[in-house]
Structure formats: C-alpha cells, structure tokens
Amino acid sequence: MIIGVLLYIILRKLRKDKNFRENGGMVLKHQRVRIFSEAELAKATENYNDHKKLGEGGFGCVYKGVLPDSTQLAVKKFE
C-alpha cells in the first residue's frame, strides 16, 4: 500500500513537470519573465542563509537575493 501511494505521488509530480514544460514553460518564454534554476536561486541567496531572510509566512520564507549582474530579487522558498 505504501509503495502504491509513493508511486502515485511520483507520477503526479512527473505529470505536473511535463505539463509545465509543454505549456507553462513555453508561455513564459514569450513573456518578460525569467525562470531560474534551483542552483541560481541558492547562489543568489547564499544557500538561503538566515541573514538573508526577509520574512516568513504560512507557505515558506522569503529571502533577499542578488544575481551576478547585481539585480536584487526576493525568493520565496516554499516549505
């Protein structure tokens, strides 16, 4: 039973990722929006360092980040 639940969760996540790549990703490419990788966000926030924390809410924490081109951003890390 546990294996069945785990398989369901994994397949659901894979389906969401595929749907995003096929639909959302293409829509966002034509907008003035940039999609960041997890590695880029971790580097910009110094691996989500506590001194970079701006606030905390019901769904996660918000961190201040700085990109290599000196652009400042806020990153919400869902928990």
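One table, with the values for the structure above:
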quantity: Most mobile listed residue (14, 41, 54) in the chain, GNM with C-alpha springs under 10 Å; calculated: 14
quantity: Cα centroid of segment 1-19 to Cα centroid of segment 46-60, whole Å; calculated: 29 Å
quantity: Farthest toward positive dipole pole in the chain [+1 Lys/Arg, -1 Asp/Glu at C-beta], among 4, 58, 68; calculated: 4
quantity: log10 of Debye I(q)/I(0), alpha-carbon scatterers only, for the chain at 0.11 Å⁻¹; calculated: -0.44
quantity: More than 16 Å apart - percent of Cα-Cα pairs taken over segment 31-76; calculated: 36 percent
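All of the numbers you see were taken from the coordinates with simple rules; none came from a lab. Computed from a prediction, not measured in an experiment: that's the story for all the values here. Don't worry about glycine lacking a Cβ; one is built from the backbone with ideal geometry, like all the others, and counts go over all protein chains shown.
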